[in-house]
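The values are calculated or read from the model by the stated rules, or taken from the named source; none is laboratory data. Given the structure is predicted, the values throughout are model-derived calculations rather than measurements. Neighbour counts are summed over all protein chains in view; Cβ atoms, including those assigned to glycine, are modelled from backbone coordinates with ideal geometry.
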Amino acid sequence: MALSFTVEVSEFLKALKGAAKALPSRTTLPILQNMLFKLDGDELEIAATNLDFSVIEKVLVSEPEGEGSFTVPGKTILNIISNMTEPFISIENEGFTTILKTPKGNKYELMGLDPQDFPKITHPEGGDVFEFDTETIMKGVNLVSFCAAKDDLRAFLTGIYWHVTEEFEMRFVASDSHRLAVYGKVGEFPSGFEAIVPPKVFDFIKEHETEKITVQSTKELLEFRTPYASLITRLIEGPYPNYEAVIPDLPGNGVLRVNRDELLTALKRLLVFTTSPTYTTIWHFKEREIIGKASSPEAGEGMERLLAEYEGQEMTVGFNAEYLAEIVRKIESFEVEMHLYDPYKAVYIKPTDSTKDEKIFYLLMPVRIAESEFGESGESSEEEH
Amino acid sequence: MEMEIDFSKVKGQETAKKILESAILFERYPPLYLFVGPRGVGKATMAVEFAKAANCVSNDVRPCGRCSQCHKIERFVHPDVHFLLPDKPEGLRQKLGQGGGVRPPDFDPSREISIRQVREIQYELSRPPVEARHRFVIILNGENLTIESQNALLKTLEEPPSNTTFIMVSDNPDLILPTIRSRARTVKFHYLGFNDFVDFFKSSTVSPAVLYRLSNGSVGEAKELINWGIISLRNQVLEILIKKDLDLLTAFIGELYVEKPLVSKFIAFYGVLFRDILLAKLGMSNLITNIDMKGRITEAANALHWKVIEDVFEALKKAERALKRNVNIQFILYSVFKPIFRYEEIVVV
């Protein structure tokens, strides 16, 4: 069964690039390095999958002849088309062989595999269909995704828990059990929507710059759809832990307000004196100022003194400076608000400008420190004043 | 219409077939099957056939071998039928599926299924199946799982993911943790009867009757014996025994491909040969295993002193132990031949 068509290179390249996002970096199934091309009328579907998620891109072709599917090595065709200077290319397929021809007469022959072997891409049929603002989704994902576990046996921690509460608040939650991020926005969202989504798949929304995106989901699958492309991901098996149980009541035993930029730069300087993987810094909180310290056998010692508003119980707490800096970096308000409970309980961190309808907050577990670690030097500095 | 289950690719094993057929007809799968029994009687082939039958879309005979599910599983490209074995997955497709049946590699305690491999599977299980109705993880050589891997796996088996069945294939089930064995539905496989066995070797140049005796009715073992060149090997060894030629022995050991699992097989075969020689010496040559070599074996029996045969059996015992302790392989091979030369004078007298 022979197939042939002609396609505009710029459009074709866009589709190929989109599908290539689903090509696996390494795989035990050779067929996954191929893209599945399906010609139906004047529409060409290009699909690629790494089994975790699949991308299907559609592109219009001219002079189509025949109907059916064939596979083409994904990276190879992408490399050829990205370096193409001519505006059109015609493609012919016969069996496993695909031939690309340019108007000037350049010719490339590619060997595919049996399209029968290509994994069946299942759509979340029968699932609920929603339409969401891409801006809200991207904001939520951007604010929380860094808190998701990179690699954890508890698979649900590697995902973003995306759900809509009974109060119509859409929430994005991520945690690696050391830290937790929650972004919530109240709006006309469908209550009951719930999914644990691998963070990587949200890149699809970023790349397809649309205002609205159609989302269809079942318990197992979730699909993002734009008019000319779609991504289907397998969802991570839940249930997601009841994160609300760990959110403490405000205010804490100590409440701090500190300039965001000053805190961030102080953290960056202290990071020089910390060691992987805990990046321990020790912070002393007291009225009108906080003092941060770090030391490492290689780099030496560092001390930071920041003027700040602090009300409540005086406290010494250890933090992973890397984690704290990552959180502060995401906070956009002029000041950062922190609620402390005791040196062994998670601190609550939020910007000062959150509203009732839109909020973001983080919980960060302190690093356990020995009682003596914030020793004499801390007290002596107190005497100096 | 009544659906039919067709496991004819595996010969014999009627009890195992019955258990597995009913699982498919009722679509009720336990989280873990343990397929135990001797090597080369169809355990791994059955695991693959079972996965096919459970996912086949045909309405009358399952597995049909024609639908896309059967097709993908058979060619080891199904995204939901995973294989764990002590080998790189890339080499898997070439290794498996040669000559009809599925042939797991020989058990070799030095090679293991690492905890990393188990973790990769666990990652996969945290997601729903891609296209299968029922997902399978087939662990060939279950005994090659390290203790750590087994414990990691135990965690998954305690809370088995839905729609997933593990099949652990093993000919040394004693090496599998009791905590895992106790969670498994054990399916026993047995040596084949002669009638089922013969089917595989109709066109073989070696007499099936001899193969059957040499392999105890293990098709896998018998195929290996053929590949190994068992006939010429037997001739060579008997030649050495009859002529008591040290140079011949040195050349033979030099030529014999020295790989540990192969040597342990050679030791076993050598034992069988000496059992035959002993029987011939006792005048019971109608009972010998290598019936087609009766003449040569009687010749060897006449050439060897009683004491030699006794010492060879003693040496064989020691050799088996030495193999487990990584003693030099050539040395082991010499040690089982040594008694022949020691008593040369006695025999001459």
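Some values worked out for this structure:
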item	result
Residue selected from segment A:67-124 under the condition touching a Pro at 6+ places or on another chain (Cβ under 6 Å) and assigned to a loop (DSSP other than H, G, I, E, B), by the criterion nearest to the other protein chains (Cβ to nearest Cβ)	A:119
Cβ pairs under 7 Å, 6+ apart, first in segment A:142-165 and within 17 Å of residue A:234 (Cβ to Cβ), second hydroxyl-bearing (Ser, Thr, Tyr) and part of a strand (DSSP E or B)	A:157/A:175
Output for segment A:321-350, where each listed residue is under 21 Å from the mean Cα position of the chain (by Cα), surrounded by fewer than 21 Cβ atoms within 10 Å (Cβ to Cβ) and not in a helix (DSSP H, G or I)	A:332, A:350
Subset of segment A:198-214 [outside any helix (DSSP H, G or I) and surrounded by 23 or more Cβ atoms within 10 Å (Cβ to Cβ)]	none
Unmet criterion (only one of (1) in contact with a Phe, Trp or Tyr (Cβ under 6 Å, 6 or more places away or on another chain); (2) more than 30 Å from residue A:318 (Cα to Cα)) for residue A:225	(1)
Test: residue B:263 is more than 15 Å from residue B:304 (Cβ to Cβ), surrounded by fewer than 17 Cβ atoms within 10 Å (Cβ to Cβ) and either modelled with pLDDT of 85 or more or among the hydrophobic types (A, V, I, L, M, F, W, C) (or both)	no
Residues being in a helix (DSSP H, G or I), surrounded by fewer than 21 Cβ atoms within 10 Å (Cβ to Cβ) and within 14 Å of another protein chain (Cβ to nearest Cβ) - total across segment A:142-157	2
Pair list, Cβ under 7 Å, 6 or more apart: segment A:357-373 residue more than 19 Å from residue A:317 (Cα to Cα), other residue surrounded by fewer than 21 Cβ atoms within 10 Å (Cβ to Cβ) and modelled with pLDDT under 90	A:360/A:354
Test: residue in segment B:105-126 that is over 22 Å from residue A:26 (Cβ atoms), of a type in the set (Ser, Thr, Tyr), at pLDDT 85 or above and surrounded by 19 or more Cβ atoms within 10 Å (Cβ to Cβ)	no
When residues of segment A:125-141 are limited to those that are loosely packed, with under 14 Cβ neighbours inside 10 Å and not in a helix (DSSP H, G or I), the one farthest from the other protein chains (Cβ to nearest Cβ)	A:131
Residue ranges of helices (runs of 4 or more DSSP H) in segment B:164-270 with at least 2 members under 20 Å from residue B:49 (Cβ atoms)	B:194-198, B:219-228
Test: residue in segment A:215-225 that is surrounded by fewer than 18 Cβ atoms within 10 Å (Cβ to Cβ) and more than 14 Å from every other protein chain (Cβ to nearest Cβ)	no
Selection count, segment A:26-66, where residues are within 12 Å of chain B (Cβ to nearest Cβ), buried (at least 18 other Cβ atoms within 10 Å of the Cβ) and either free of Cβ contacts under 8 Å to residues at least 12 places away in the same chain or part of a loop (DSSP other than H, G, I, E, B) (or both)	3
